[in-house]
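I have placed the structure first, in the form of structure tokens, so that the comments after it can refer back to it.
Each reported figure results from applying straightforward, stated rules to the coordinates on display, with no laboratory input. In this text the structure is predicted, and so the values were computed from the model without any measurement. Neighbour counts run over all protein chains shown; Cβ positions are idealised from the backbone, glycine included.
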Amino acid sequence: MNLIKLLKIDLIKLSNYRAFWVLNILYGLLIVGIPAGVIEFLKWLDRIGEDFSEFNPMKIPVLHFPDIWQNTTYVYTWLKIFMAIIIVISISNEFSYKTVRQNIIDGFSRLDFLMSKLATIFVMSFASSLLVLITCLLTGLIYTPEFEFGDVFNGVEFVGAYFIDLFGFLVFAFFMTVLMKRSALTVFMLLIYRPVELIFISNLPRQLEFLGDYFPLQAMSNMIEVPFPRYAFQEIQDYVVMPFVGVSLLWIGILIYGIYSKLKSSDL
Amino acid sequence: MESVLTINNLTKKYGRLTAVNNLSLDVKRGDVFGILGPNGSGKTTTLGILLDVIKRTSGDFQWFDKPPTKEMRKRIGAILETPIFYPYLSATKNLEIVAKIKGAPLSNIDPVLKKVELYERKDDKFRTFSLGMKQRLSIASALVCDPEVMILDEPTNGLDPQGIAEIRELIKGIAADGKTIILASHLLDEVQKVCTHFAVLKKGNLLYTGLVDDIDKGIVNVEVASEETTLKEVLESCPFVEKVKEEDGKYVAQLSDDKQAMDINKYLFEHGIGVSHLLTQKKSLEKQFLELLAESETV
């Protein structure tokens with residue numbers, strides 16, 4: 001079946017599912033709300049500081065072109081767990097209601113089921129990236145004191161990295177759901193996986209230390225480096241780290257194959 | 001006649017447990033085929049394998065004389081165990097998903113909802129439905145693609161007598177349209193009332209397969225009672241009496257050679273016995289079923 005058809009079928013499933021829409025809207029509000037919150041915070045700093053300081057916090061270029069792209073997308077990558085919860089719930093429902101079984105009985109192949117969910121994950125990641133793009137663009141246009149047009153899209157590739165990071169994490173959540181089947185358990189595992197991965201990486205023996213950067217979530221987070229030390233005059237990588245884009249895409253491929261082989265071999 | 005379903009030596013093992021053992025069956029177009037067996041006899045497992053949700057251990061099967069694919073499942077309307085739908089979606093939306101998966105036109109939805117008398121409730125969420133309505137929606141969903149074959153698994157499970165009667169009428173109506181139906185049930189009476197063919201499963205083994213109509217043929221049991229004390233001896237001496245059993249002061253004679261109650265009456269009369277009670281026992285599927293199960297127990 002073609003992808004658009006599979007996507008449409010999956011969207012009918014979600015169309016009247018209130019939790020799905022509520023969580024998506026909350027996620028959207030967070031994306032729009034964070035830059036707005038930062039601005040308000042800076043204004044507040046400005047107000048309380050104006051009597052005794054020459055320093056104007058509004059001049060810190062956190063939300064100015066071109067810094068804004070890396071700063072916001074880096075912060076947004078911390079929000080992906082919320083969107084992953086939406087994915088976990090909607091897919092674990094298919095197992096707990098046994099509707100995945102009925103979908104197969106009705107004529108889906110296991111690959112059709114996989115692709116229909118991936119299509120939804122892709123659309124959600126894409127829509128989220130689009131919202132990030134628009135939010136950053138507008139925030140930057142409003143608050144950057146002076147800029148040349150060439151600066152506006154300097155760093156827009158961070159939105160692309162944000163897309164890969166989010167899509168990769170959602171595929172990871174899909175993979176965990178197919179393994180665990182229960183939503184609460186899966187969300188718990190998702191929450192503890194990253195700290196466990198970090199602990200594991202930091203305890204690697206010296207000869208294997210280089211491997212640490214290639215663990216799935218570590219590789220994904222390596223695409224966008226922590227930007228804020230630059231305001232303390234430290235050197236940072238202010239570009240998307242391309243080798244890790246490659247590694248992340250590879251992990252996405254491996255995870256999708258993992259989901260496929262799990263679905264293919266199991267009784268539903 | 002054309003085979004709709006052929007099963008060859010199908011086996012499913014869960015570890016050491018054999019859920020389906022070397023099962024072979026053949027279902028022809030237009031059959032209403034009952035798969036009869038107590039709970040846990042492998043009915044649902046078998047149907048699950050036929051519908052590709054359960055992986056077989058060995059053996060194979062063909063739908064429409066071809067190896068199974070997802071395209072064939074689109075020509076089959078099937079519900080396994082309980083009705084399965086998205087609880088937060090309306091009846092119409094649920095059927096829309098089924099129709100889209102099967103590639104059936106959405107215009108089929110309203111007529112099937114009318115057929116199962118759920119049209120007035122079509123915009124209500126599935127979770128608000130009673131069990132009977134859920135079962136009827138299952139049947140609607142199986143019908144939505146105008147299937148060549150329908151598979152129903154315990155379609156009257158948990159229903160009240162009225163609900164059971166409604167579903168059975170529905171199934172008979174569908175069968176009258178010439179559709180092939182495969183019905184799994186632990187209710188003998190249901191299979192006898194609805195089906196043309198049946199198979200008996202127990203612990204994954206096929207015990208018997210045949211025509212429902214043949215159940216009444218073959219062995220005839222006649223209950224006889226008389227004042228005469230020599231009745232038993234005379235019965236035993238009769239050439240077409242296979243066995244004599246005593247039951248509540250009456251004798252049950254099992255006849256052979258297509259002999260009927262009339263013949264035994266004649267024979268007894270010729271040997272000077274007048275009978276006070278003569279009754280042909282109708283052999284119900286239930287009795288045959290219980291006998292089959294008992295036989296398999298002793299093997």
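Brief remarks on what is shown
- In this structure, the amide hydrogen of residue B:5, modeled 1.01 Å from its nitrogen in the peptide plane, lies closer than 5 angstrom to those of B:27, B:64, counting only residues at least 5 positions away or on a different chain.
- For the stretch B:201-209, 3J(HN,Hα) computed residue by residue from phi via the Karplus equation (6.51, -1.76, 1.60; θ = phi - 60°) reads 10, 8, 6, x, 9, 7, 8, 7, 9 Hz, glycine and proline entered as x.
- Once backbone amide H atoms are built at 1.01 Å from N, residue B:242 has B:254, B:255, B:256 as its partners under 5 Å, excluding neighbours fewer than 5 places away on the same chain.
- Remark: B:73, B:29 ranked as B:29, B:73, counting other beta-carbon atoms within 10 Å and listing the fewest first.
- Tally of Lys pairs whose C-alpha atoms are under 23 Å apart, taken over the stretch A:3-265, 8 or more apart or cross-chain: 25
- Of the complete DSSP H runs in chain A, those spanning 20 angstrom or more by Cα along the long axis with a mean Kyte-Doolittle score not below -1.0 are A:18-49, A:80-96, A:110-143, A:157-180, A:183-202, A:242-265.
- Computed with the Debye formula from one identical point scatterer per Cα of the stretch A:3-265, without solvent, the log10 of I(q)/I(0) at q = 0.08, 0.10, 0.15, 0.17 Å⁻¹ comes to -0.38, -0.58, -1.13, -1.33.
- Annotation for the stretch B:100-135 versus the stretch A:128-165: alpha-carbon center distance of 48 Å.
- Overall size of the stretch B:220-282 from C-alpha positions, given as principal axis extents largest first: 26, 25, 16 Å.
- Acute angle (nearest 10 degrees) that the helix B:131-143 long axis makes with the longest principal axis of chain B, alpha-carbon atoms: 70
- Close amide H partners of residue B:202, meaning residues 5 or more places away or on another chain with modelled amide H under 5 Å apart, are B:207.
- Taking 1.306 mPa s as the viscosity and 10 °C as the temperature, the Stokes-Einstein diffusion coefficient of the protein assembly as shown based on its alpha-carbon Kirkwood radius rounds to 55 µm²/s.
- Centre-to-centre separation between the Cα atoms of the stretch B:197-212 and those of the stretch A:174-239: 57 Å.
- Rounded to 10°, Cα long-axis angle of helix B:285-298 versus longest principal axis of chain B: 80
- Cα long-axis angle, helix B:161-176 against chain B (0 to 90 degrees, to the nearest 10): 80
- For the stretch B:3-215, a Kirkwood radius taken over Cα pairs fed into Stokes-Einstein (20 °C, viscosity 1.002 mPa s) yields D = 123 µm²/s.
- Normalised by the number of residues in the stretch B:220-282, the mean separation of alpha-carbon contacts (under 8 Å, six or more apart) gives a relative contact order of 50 percent.
- Given R0 = 30 Å, the distance between the Cβ atoms of residue B:24 and residue A:254 translates into a calculated FRET efficiency of 0.10.
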